[in-house]
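Below you'll find the structure, written out as C-alpha cells, and then a few comments.
The values are calculated or read from the model by the stated rules, or taken from the named source; none is laboratory data. Note that the structure is predicted; figures quoted are calculated from it, not measured. In this analysis, Cβ positions are derived from the backbone assuming ideal geometry, glycine residues included, and neighbour counts consider all displayed protein chains.
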Amino acid sequence: MSLWWQEFFDHEYLKLWSHLYPATQCESDALRLRTILGLTSGDRLFDAACGYGRMSLPFAKLGLSVLGVDYSSDLLARANADAAECKEAIDLVYQEADLRTLELEARFDAAVSLFSSLGYGSEDDDLQTLQTIANALVPGGQFFLETVHRDAIVTRRALGQTTGIRGPNGLTLREKNSFDPVRGEIHSTWSWNSPTYSGSKHSVIRIYSASELVSLLTRAGFVEIRCYCGFSDRPFDETSLDERLGILCTKAA
C-alpha cells in the first residue's frame, strides 16, 4: 500500500503550490542561506528533499556544486527541465531516491532541508533521513533545517486561523484540518477549485516541537544546534512562536 506522500507530490502539487515561491524570493533566500552556511563558490551542497528544485537552482546559480535529491519523479522532471534552460547552473545534479535509505559519500560541505520535509512517516523514518544527511557531510559540515513546528500550529489553532490560498487563473486552495495533540499529527484535506479543474488531496504530518527536533538532530550526530526564526539570524524564542523554525547545526568532527 502506498503512503500518502508517495502520491501527494505530483503534477497537481506543482499547479497548487509552486506559484507561492517566485524566483526572486528563492534567489534571495539562497543568498541568505549561503551566508548563514558560510559557503563560497565551488563548495558542495546537498539539498535533501529538493522537490522541483526551487532552491537547488538558485544555489547552483550562486556558484555552488549542488546535488538535489527527492522521491518524486514528477517534481524532479520539472527541476531538470528548469536546470536545462539555465546556463548559469553549471554544477547541478538531481537524483531520485528515498532519503531514508540513500547512501552517499561524506563529501558535502553543507546540507539543507527546507519547507517541512520531515514528519511524513514515523520518528524512526525521520531519524534515518537525518542520519543520511549527517553521513553525507564532511566532519564539521553544516546543516540547515527549515520547517513548521508544533508551537506555531497550536498558536494558530488557538487564534482560529485557517489556510486559504488564491493562485493564478482563478485557483482557490483551502485546507480543512484536525490536530492530534497526543501523536502530534495534523491531518489535512486540501481542496481546490478553478475555472478549469478541481480536486483534493490528503496529508498526515507529524509536527515536531523545537525541542523534539533538537533531540532528533542530536541522535543523528549533530552538535552546536542553534534555533532561529526561519532564514533569519533572530533567535527562536517565546516572541516568535508563530514563525517558521530554522535550525543550524554541525556534523560532529
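Exactly one residue out of SER209, SER178, SER215 is under 30 Å from PRO139 (Cβ atoms), touching a His at 6+ places or on another chain (Cβ under 7 Å) and surrounded by fewer than 18 Cβ atoms within 10 Å (Cβ to Cβ): that is SER209. Selection over the range 229-253 of residues that are outside any loop (DSSP other than H, G, I, E, B) and either more than 13 Å from ALA152 (Cβ to Cβ) or free of Cβ contacts under 8 Å to residues at least 60 places away in the same chain (or both) gives a count of 10.
Residue-level check: of (1) more than 30 Å from GLU12 (Cα to Cα); (2) surrounded by 17 or more Cβ atoms within 10 Å (Cβ to Cβ); (3) not hydroxyl-bearing (Ser, Thr, Tyr), PRO235 misses just (2). When the residues of the range 218-232 are filtered to those that are in contact with a Lys or Arg (Cβ under 7 Å, 6 or more places away or on another chain) and hydrophobic (A, V, I, L, M, F, W, C), the one that is surrounded by the most Cβ atoms within 10 Å (Cβ to Cβ) is PHE222. Determine whether the range 149-156 contains at least one residue that is among the β-branched types (Val, Ile, Thr), without any contact (Cβ under 8 Å) to a residue 60 or more places away in the chain and loosely packed, with under 15 Cβ neighbours inside 10 Å. No, the range 149-156 has no match at all.
In the list ILE205, ILE225, which residue meets the criterion of being part of a strand (DSSP E or B) and more than 17 Å from the chain's Cα centre (by Cα)?
Details: ILE205 fails: more than 17 Å from the chain's Cα centre (by Cα).
Within the list ILE205, ILE225, the selection yields ILE225.
Going by the structure shown, is SER209 touching a residue at least 24 places away in the same chain (Cβ under 8 Å) and small (Gly, Ala, Ser)? In short, yes.
The number of residues in the range 133-155 being closer than 21 Å to THR250 by Cβ and either in contact with a Pro (Cβ under 8 Å, 6 or more places away or on another chain) or of a type in the set (Val, Ile, Thr) (or both) comes to 3.
Out of THR132, THR155, THR196, one residue alone is of a type in the set (Val, Ile, Thr), over 28 Å from ARG100 (Cα atoms) and touching a Leu at 6+ places or on another chain (Cβ under 7 Å). It is THR155. Here SER209 passes the criteria (1) in contact with a Lys or Arg (Cβ under 6 Å, 6 or more places away or on another chain); (2) at pLDDT below 95; (3) within 18 Å of PHE115 (Cα to Cα) except the one numbered (2). For the range 165-183, which positions are assigned to a strand (DSSP E or B) and of a type in the set (Lys, Arg)? Passing the criteria: ARG166, ARG174, LYS176.
With respect to PHE108, determine if the residue is of a type in the set (Phe, Trp, Tyr), modelled with pLDDT of 95 or more and in the same structural domain as VAL138 (by TED's automatic domain parsing). Yes.
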